[in-house]
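To start, the structure under review is shown below, and the notes come after it.
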Amino acid sequence: MSGITSFEGDQSTALLRMALSGRRLPRWGVPAAAVVALAAAIGLNAVTGIDGVAGTLVVAILLFVAGQTGWSFSVEGRRHALDRLATTAIYATFALALAPLIGLLATVVVKGSQVLSSSFLTTSMRSVSPRSEGGGLYHALLGTLEQVGIAALIGVPLGILTAIYLVEYAPSGSSRHLARVVSFFVDVMTGVPSVVVGLFVYTAFVLTLGMQRSGFAASIALTILMLPVVVRSTEEMLRIVPRSLREASYALGIPKWRTILKIVMPTAIAGIITGAMLAIARVAGETAPLLLTTFLSQSINPDPFTGPQSALPTFIWDQFSSGTDASVNRAWGGALVLIILVMVLYAVAKIIARFAGVKKL
């Protein structure tokens with residue numbers, strides 16, 4: 001008797017759960033809807049003007065969203081259908097945003113790897129015709145390393161010091177007006193186009209002060225572009241550090257500058273280095289300010305203070321502008337080297353941040 005009662009209780013519980021949860025699509029429903037949508041998109045590709053992988057995928061995603069939503073509405077009801085629609089829309093928009101990036105990266109890797117070799121990395125374009133094979137980007141790689149390196153040596157410490165002033169000293173000091181002015185100009189610099197920065201450096205330093213168009217002039221432009229990114233990222237990292245850490249240090253009689261150096265900075269060092277690398281990655285691919293401040297050079301120039309100096313962005317622009325098959329292939333190789341360079345710098349920065357931060361007990 002007790003067994004029958006227990007069975008009836010379990011059955012009623014299951015029926016109650018089904019009543020509360022309602023009818024649901026089978027587990028194979030979503031994959032089946034995706035396969036049907038893809039097949040329908042391929043069919044439309046064959047009989048209509050829709051062509052190309054991108055167009056077919058977009059149509060497939062739209063058909064999948066519409067088909068799954070309609071099926072869910074008829075089986076599960078309005079609430080579950082809207083939930084599935086919102087979830088699918090989020091994933092679909094993410095996929096649509098990610099697809100061009102993956103496609104571009106795959107194209108650069110495939111086409112750039114065809115010309116990437118030791119000779120390509122160790123030779124310059126001196127005496128190499130745009131139509132002829134051979135040549136390399138050593139002169140441009142050297143120029144990028146020097147220009148970005150000088151910009152980082154100037155911009156990163158200056159940006160970090162500015163952020164420390166805005167976060168640690170300005171709120172409690174008598175120079176709040178100056179802090180507001182500095183913060184305002186940092187915000188303005190964030191939105192300044194790179195070509196305007198190049199024009200400013202060319203007008204103020206090259207035409208007015210008589211500075212040569214050189215790698216150092218390009219570094220000044222890159223420093224201006226780098227500063228607001230470093231300031232804002234460092235400022236946010238410093239604000240995340242708990243106030244209690246500062247107060248505990250002050251309670252022990254430790255001076256403010258030493259508290260910042262020994263407590264605040266090690267706590268936020270990982271985020272600060274990440275922000276600095278984002279700034280370096282941003283300026284490493286800038287072309288417009290380089291064309292105005294250093295222009296082009298087909299020869300190796302190890303001196304950033306004298307004469308024109310090439311860089312990877314200007315090398316890529318020059319090779320694509322030539323339009324020949326050989327020069328376009330070299331441009332793809334330069335783009336791949338630039339991506340690898342940024343990835344290597346970012347990996348090194350993450351390693352440094354890992355070992356420079358606060359040690360866990």
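List of remarks:
- Reducing segment 182-206 and segment 145-165 to their Cα centroids gives an inter-centroid distance of 16 Å.
- Length added when fully stretched, GLU247-LEU105, from 0.36 nm per residue minus Cα-Cα: 46.4 nm
- Nitroxide proxy distance, nm - points 7 Å out along Cα→Cβ at LEU161 and ALA97: 3.8
- A simple spin-label model places the labels of LEU121 and SER299 2.6 nm from each other, with each point 7 Å out along Cα-to-Cβ.
- Most fluctuating residue given options GLN147, GLN68, GLN319, as computed from a GNM of the chain linking Cα atoms under 10 Å: GLN68
- The chain - mean residue ellipticity at 222 nm from DSSP helices (-39,500 (n - 2.57) per run, n ≥ 4, rounded to 500): -24500 deg cm²/dmol
- If R0 equals 30 Å, the separation of the Cβ atoms of ARG79 and VAL36 corresponds to a calculated FRET efficiency of about 0.80.
- Footprinting exposure proxy ranking of ILE352, ILE150, ILE90, fewest other C-beta atoms within 10 angstrom first, gives ILE90, ILE352, ILE150.
- Listed values for segment 347-352 are Karplus-derived 3J(HN,Hα) couplings in whole Hz (6.51 cos²θ - 1.76 cosθ + 1.60, θ = phi - 60°), namely 5, 4, 5, 5, 5, 4, and x replaces Gly and Pro.
- Two-site label geometry, ILE340 and GLU236: point separation in nm, points 7 Å out along Cα→Cβ: 3.2
- Fewest neighbouring Cβ atoms within 10 Å first, the residues GLU146, GLU168, GLU236, GLU247 line up as GLU247, GLU236, GLU168, GLU146.
- Each of MET343, MET265, MET189 has some number of other Cβ atoms within 10 Å of its Cβ, and from fewest to most they run MET343, MET189, MET265.
- Using alpha-carbon coordinates, inclination of helix 29-47 to the longest axis of the chain, degrees: 70
- Relative contact order for the chain, counting Cα pairs under 8 Å that sit 6 or more residues apart, in percent: 20
- Simple rule: put +1 on each Lys or Arg Cβ and -1 on each Asp or Glu Cβ in segment 286-361, find the dipole, and look at THR314, PRO302, LEU345; the Cα lying farthest toward the positive end is LEU345.
- Dipole size of segment 138-356 about its Cα centre, with +1 on Lys/Arg Cβ and -1 on Asp/Glu Cβ: approximately 820 debye, rounded to the nearest 20.
- Max mean-square fluctuation residue, GNM over the chain, Cα-Cα springs under 10 Å, options LEU345, LEU178, LEU141: LEU178
- Nearest-0.05 FRET efficiency for TRP257 and ARG24, computed from C-beta distance (R0 56 Å): 0.35
Where a number appears in this text, it was derived from the coordinates with a stated rule and is not lab data. What you see is a predicted model; the values in this text were computed from it and never measured. All Cβ positions, glycine included, derive from the backbone under ideal geometry; neighbour counts span all protein chains shown.
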